[in-house]
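The values are calculated or read from the model by the stated rules, or taken from the named source; none is laboratory data. All of these numbers come straight from a predicted model, not from anything done at the bench. Because the Cβ atoms are built from the backbone with ideal geometry, glycine has one as well, and the counts that use them run over all protein chains shown. What goes into the accessible areas is simple: the full protein's heavy atoms, side chains included, and nothing from ligands, DNA or RNA. Shrake-Rupley method; radii C 1.70, N 1.55, O 1.52, S 1.80 Å.
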Amino acid sequence: MAPSKLVLFLALNLALLAAAAHACAPYCPTPTPPPPPPPVVPTPSTCSIDTLKLKVCANVLNLLKLNLPVPENEECCPLLSGLANLDASVCLCTAIKAEILGIKLNVPVDFTLLLNQCRKTCPDNFTCSI
């Protein structure tokens, strides 16, 4: 007799579960599709200027780190002035990776500090990974 009560109990649970699963049938909200992924912007892998010339940027960065004024005749920002923000970021990142600047860097902070000094901004989707 006990197995029949178990079968009845399981059948009743299955029926209740099925009813609960379809309880909102006429009023069930339709699922919203996930938002499309952001477009992938190709990152240029090379710098359009001679990265060896960016060694002068180390002097500017040292002055900035020491909170000293950067002279008007500095040579770093004019090198980057003709470049778009992404290109300037790529060039500085290339110089950092090749250790052309010759100084120890806190990459995210110093990278942004130098770009800001030259009135450039790092694109949101760009990271200079060392």
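Only one of the listed residues (Leu114, Leu105, Leu83, Leu92) is at pLDDT 75 or above, open to solvent by less than 60 Å² (accessible area, probe 1.4 Å) and more than 26 Å from Pro39 (Cα to Cα). That residue is Leu114.
Residue-wise test of (1) surrounded by 10 or more Cβ atoms within 10 Å (Cβ to Cβ); (2) touching a Phe, Trp or Tyr at 6+ places or on another chain (Cβ under 7 Å); (3) modelled with pLDDT of 75 or more.
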| position | (1), (2), (3) |
| --- | --- |
| Ala21 | no, no, no |
| Pro34 | no, no, yes |
| Pro38 | no, no, yes |
| Pro44 | yes, no, no |
